[in-house]
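Enquirer: I have a structure here, written as structure tokens, and I will follow up with some questions on it.
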Amino acid sequence: MAKGWRQLILLFLLFACVPETTRLRRQLNDPDPQTRANAARRLGELKDRNSLPLLVNLLNDSEPIVRFEAGLALGKIGDTTAIAPLFTAARNEPREDVAMAFTRALGDIGPAATDPLINLTGSPKTAVRIVACHELGRMRIKKAVDPLIRRLDDPDPNVRRKAIFALRRIGDQKGLSAIASKISSIDPVTEQAAEAALSGQGYEEQLGEIRALLRRFNR
């Protein structure tokens, strides 16, 4: 009996000595999708660059919640080598909510992702266009002024409002003139609501709501 307890204690000590990132990387291959998703999310919080190849592979996972969390994790890690796979995934992803997460991740990586984000302002997915406009405005990318001006004619009013916000944030005269020529009166309440929905605390709350939906309907 004593020998059995010693073996259990030894196994516990060995497990306790394994770094958290090592355990999490193993969990990325777990058969349970929520376990994979949680591991991806935590690796992103830890900014574990050694997990980059594994997280990139999960962009093609069969479960939306796993793809969603893997994409956001890559954005939090912030390595520019993730830009190309995130861009490809954002274009090819069938689910709009997951594609939105990939677009957000590109914005998290920073100005190095400018060209992919500009390309995504023309995405057929409304949420992707909204987030791409938001991220370009947040980073004040002057190169994005002309593509954002084109979004002032977007068929979706939320995209138009986000393009207005982005152009105002960038502050380039060409963009401001385009706003003045296209819009005779701006509803400040609507604009503030659009900004709150996709920036700061409001944006994080929206991501939390999507996570909950994906856990419930993950196919």
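The values are calculated or read from the model by the stated rules, or taken from the named source; none is laboratory data. Because the structure is predicted, anything quoted here is derived from the model rather than measured. Cβ: placed from backbone, ideal geometry, glycine included. Neighbour counts: every protein chain shown.
Enquirer: Quick check on this structure: which one of Glu45, Glu20 is out of contact with any Leu (no Cβ under 8 Å at 6 or more places or on another chain) and on the phi < 0 side of the Ramachandran plot?
Expert: Answer to the selection: Glu45.
Enquirer: Taking the stretch 115-127 as the region of interest, how many residues are surrounded by 24 or more Cβ atoms within 10 Å (Cβ to Cβ) and under 14 Å from Ala105 (Cα atoms)?
Expert: Number satisfying all stated conditions: 2.
Enquirer: Then there's this: Which members of the stretch 128-158 meet the condition of being surrounded by 20 or more Cβ atoms within 10 Å (Cβ to Cβ) and within 20 Å of Pro94 (Cβ to Cβ)?
Expert: Val128, Arg129, Ile130, Val131, Ala132, listed by residue number.
Enquirer: Here's another thing I want to ask about it. Look at Asn92 and say whether it is free of Cβ contacts under 8 Å to residues at least 24 places away in the same chain and among the polar types (S, T, N, Q). Before you say what the answer is, go through the steps one by one.
Expert: Values: free of Cβ contacts under 8 Å to residues at least 24 places away in the same chain: yes; among the polar types (S, T, N, Q): yes.
For Asn92, the condition - free of Cβ contacts under 8 Å to residues at least 24 places away in the same chain and among the polar types (S, T, N, Q) - is met.
Enquirer: Still on this model: Could you count how many residues in the stretch 134-155 are among the charged types (D, E, K, R) and at pLDDT below 90?
Expert: 1
Enquirer: Still on this model: Among the candidates Ile149, Ile130, Ile141, single out the residue that is touching a residue at least 40 places away in the same chain (Cβ under 8 Å) and farther than 23 Å from Asp61 by Cα.
Expert: Ile130
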